[in-house]
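Every read-out reported here was derived from the displayed coordinates using simple, explicitly stated rules and does not represent laboratory data. Everything numeric in this text was worked out from a predicted model, so none of it was measured. We place every Cβ from the backbone using ideal geometry, glycine too, and count neighbours over all the protein chains shown.
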Amino acid sequence: MMLRTLCRRSGAILQQTQRAAPRLWVTPAQQRWASSLPMNTLILFVPQQEAWVVERMGRFHRILEPGLNFLIPILDRIRYVQSLKEIVIDVPEQSAVSLDNVTLQIDGVLYLRILDPFKASYGVEDPEYAVTQLAQTTMRSELGKLTLDKVFRERESLNSNIVHSINQASDEWGIRCLRYEIKDIHVPPRVKESMQMQVEAERKKRATVLESEGTREAAINVAEGRKQAQILASEGEKAEQINKAAGEAQAVLAKAEAKAKAIYVLSDALTQQNGNAAASLSVAEQYVSAFSNLAKQSNTILLPSNTGDISGMVTQAMSIYSTLAKVSPTASPEVVEEKKEELWKESEIPEELRTD
């Protein structure tokens, strides 16, 4: 009879507990919905992803798992209800001073999860509020190590350092900080204007550097073009000189060959009948032609005493020719040339009238 009455009362208390609306749990750092503490109705159903901490006669007894659980009325009491889901907490905006003495207004978002319901219940009075305050103090400490420029560049590194610092202290509370994200960074208006001026100056600097690099590249290209043009011109001049020298050499060889052939023809002609008369005629013609060129190339003129005696001059030239003809054909050209010079010196024929 007593057991039936106890079951009826437990059922009524359970219905009242299920009808009870969740209460608003307000902390200085955040607001979120949490289930109210259920009453001991002997038979309890624990929701998924929640941990109910049970005390027996004021002392910790056990943690109820999700599903059906049985408790002893009056002796057992549900003292804490911990959510095992990932919790998102807004970190309020706060001021911090950077390494270069710039005051910043920064707020963020904290993501954490309760890993040990026992430590979260008995390790700290309000675990979420404690973690929020720890995040704020850690954020101020980390920002004091960085300059303003590095705060924007090393935002990801700053977040990871804050998470590492929070986890070192929150291990005793059974809470694990998963990540921390900085939402907004507000700088003073004057600092913002200075940053804008710095950005503009940096852009002007880049534009100037790019323009100077373009000018340098253009000058280099022009110099390279001039260099290549000079190289090609010198190569062309070199080729022209080589071709000219080759042409002159060929011309000299051709003249020498022609003169040699003329000498052979002349020698053949002199061996024939009346050859001496023909040679005398040729010498006389050259003598007359040489007289016509006197005083045209120089102002100094040396004339022989018998200028008008052409026959004597021709006879003397023929005697020189006869003397040279008697020289041994095997004699070297140097010997022939020396003999020739000696004969010309002995004669009275001036240099202007001498012929080969």
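Details
- Shape class for segment 48-158: prolate, because the ratio a/c of the largest to smallest gyration tensor axis (alpha-carbon atoms, square roots of eigenvalues) is 1.5 or more and a/b beats b/c.
- For segment 187-230, the Kirkwood estimate of hydrodynamic radius, built from reciprocal distances between every pair of different alpha carbons, is 12.9 Å.
- Each peptide in 182-193, 41-52 receives the mean, over its residues, of other Cβ atoms within 10 Å, and ordering these scores from highest gives 41-52, 182-193.
- Taking every Cα-Cα distance in segment 189-279 and sorting them into 5 Å bins starting at zero, the pair-distance distribution P(r) comes out as 3, 10, 7, 7, 6, 6, 5, 6, 5, 5, 5, 4, 4, 4, 4, 3, 3, 3, 2, 2, 2, 1, 1, 1, 0, 0 percent.
- Computed packing ranks the peptides 109-115, 153-159 as 109-115, 153-159, most packed first, by mean other Cβ atoms within 10 Å.
- Hull shadow area, averaged, segment 81-237 [alpha-carbon convex hull, nm²]: 14.8
- Packing-based order for 258-265, 69-76, 120-127, using average beta carbon neighbours within 10 Å, highest first: 120-127, 69-76, 258-265
- Remark on LEU42: its backbone amide H falls under 5 Å from those of LEU71, a criterion applied only to residues 5 or more positions apart or on other chains, H modelled at 1.01 Å from N.
- Three-way shape call for segment 40-83 based on the alpha-carbon gyration tensor, with the a/c threshold at 1.5: oblate
- Globularity ratio of segment 119-174, using Cα Rg and 2.2 N^0.38 Å: 1.29
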